[in-house]
Amino acid sequence: MLKKMWLYSMRTYLEIGLFFYFRRIHMIHLNNIPKDKPVLILPNHQNALLDALIIAVKGNRISYFLTRASAFHSPLIAKILKSYRMLPVYRIRDGIRTIKKNNEVFEACSELLNQNHSLVIFPEGNHNLKRTVRPLSKGFTRIVFDTLEKHPDLDLQLVPVGFNYKKPECFVDEVSLYIGNPIKAQEYRGYERNEAVVKLKADLHQSISKLTTHIPHDHYDDILKKLIAQEADFLNPKLVNESILNNFKNSNFEKRPQNSILRQLFKGLLIINLWLPYLLWKKWIEPKIKEVEFISTFRFTVVITLVPLYLLLLTMLLIGFFGWFIALTYLLIIITLALIVVKY
């Protein structure tokens, strides 16, 4: 009971954080994720931890997540991550000897699926902001076919998901998640194991490539520059992919309104009022981030930790000096500024 209360309370808190971080989060065809069957949710992986958080908060099921083992680097952090239903998965870079630990993890995944749970795996095996679907690792196929060997009648559903961020390295951002039609794992049981693995990887790669912008590796930079020049709507992968396929003939991207001077003014006012967390972010935290894929994750962490703490401290000080009315009025003004900057 306590575990569920902790899980749901953190889910609510993260949902509030995502509300103040993203202009919009569009969930397209969310009903494609079955609520009464075992499900393996298989998204592309662009934006580090934010990908997992969005699925965890905005999905229609409470899922378990396979997470890289390096994140479980201390007993305390490991305990916290496991309380969020995250399971460690080991890679060669974690050490050859650790790979054997995956046997136990994969067995646990099979049992969770047999109990009709939902499990999230990022089949690309790593994250990257490039707008292309990378080759899929075969770790997820092992879970699929090991599960079917142990539970041959299980109606396991494989759901492809495409993440589409407008400007993932920036704030404020917008994202759309396209959930594809479920693939029945039972359809691959008639193939020899190696053949089934190859076919499933190819089918899933093709499905995800339709749910997110998929720029071919050849001439990637040139194609991306053309898309940006045409102000492509990266929230609409179908339109973007059709434009690429047709060599940009008859592209019909709507021109987006430019940021207004008034909005920039409100943004400046918000920064002034949140000067301390903003300064810590710009001068201390952001310069230490080595991978661009982690910028949004750490920025979001600042939004849900340092900013609330700063506002709480500021409110308490204002209450002490000026009373409740002034303090709460000032807090409401800052929240209103944040909503204007993020939502409009």
(message) Taking 35 Å as R0, compute the FRET efficiency from the Cβ-Cβ separation of residue 77 and residue 331 and round it to 0.05.
(response) 0.65
(request) Mind ranking 170, 109 by accessible surface for me, highest first, 1.4 Å probe? (result) 170, 109
(message) Accessible area per residue for the chain in Å², computed with a 1.4 Å probe and the full protein assembly in place, what is it?
(response) 56
(message) Can you sort 156, 112, 76 by solvent-accessible area, 1.4 Å probe, largest first?
(response) 76, 112, 156
(request) Using a 1.4 angstrom probe on heavy atoms only, work out the carbon and sulfur share of the accessible area of the chain in %. (result) 62
(message) Using a 7 Å offset from the Cα along the Cα-to-Cβ direction at both residue 222 and residue 203, what is the distance between the two label points in nm, to one decimal?
(response) 3.6
(message) Could you work out [θ]222 nm for the chain from helices alone, using -39500 (n - 2.57) per DSSP H run of at least four and dividing by all its residues? Round to the nearest 500 deg cm²/dmol.
(response) -15500 deg cm²/dmol
(request) Ignoring everything but the protein chains, give the 1.4 Å probe accessible area of residue 222 in square angstrom, nearest 10. (result) 90
(request) Would you please classify the overall shape of the stretch 9-144 from the alpha carbon gyration tensor, given that a ≥ b ≥ c denote the square roots of the eigenvalues, rounded means a/c under 1.5, and beyond that prolate means a/b larger than b/c while oblate covers the rest? (result) rounded
(request) Towards the positive end of the charge dipole of the chain, with charges on Cβ (+1 Lys, Arg; -1 Asp, Glu), say which of 137, 342, 126 has the farthest Cα. (result) 342
(request) Quickly work out the residue 30-to-residue 169 label distance, labels modelled 7 Å from Cα along the C-beta direction, and quote it in nm with one decimal. (result) 3.1
(message) With θ taken as phi - 60° and the coefficients 6.51, -1.76 and 1.60, list the Karplus ³J(HN,Hα) couplings across the stretch 146-153 in order, rounded to whole Hz; mark glycine and proline as x.
(response) 5, 5, 5, 5, 7, 9, x, 9
(message) Taking the alpha-carbon distance from residue 150 and a cut-off under 28 Å, which lysines remain once sequence neighbours fewer than 8 residues away in the same chain are dropped?
(response) 35, 37, 82, 100, 101, 138, 184, 199, 201
(message) Under 18 Å between alpha carbons, and skipping anything fewer than 8 positions from residue 226 in its own chain: which lysines qualify?
(response) 130, 166, 167, 238, 249, 255
(request) Compute, for residue 29, the solvent-accessible surface of its heavy atoms (probe 1.4 Å) with the complete set of protein chains present, and express it in square angstrom to the nearest 10. (result) 120
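The values are calculated or read from the model by the stated rules, or taken from the named source; none is laboratory data. All values reported here derive from a predicted model rather than from experimental measurement. Glycine also receives a Cβ, built like all others from the backbone with ideal geometry; neighbour counts cover every protein chain displayed. Just the protein is used for accessible areas: all its heavy atoms, side chains included, with ligands, DNA and RNA removed. Shrake-Rupley method; radii C 1.70, N 1.55, O 1.52, S 1.80 Å.
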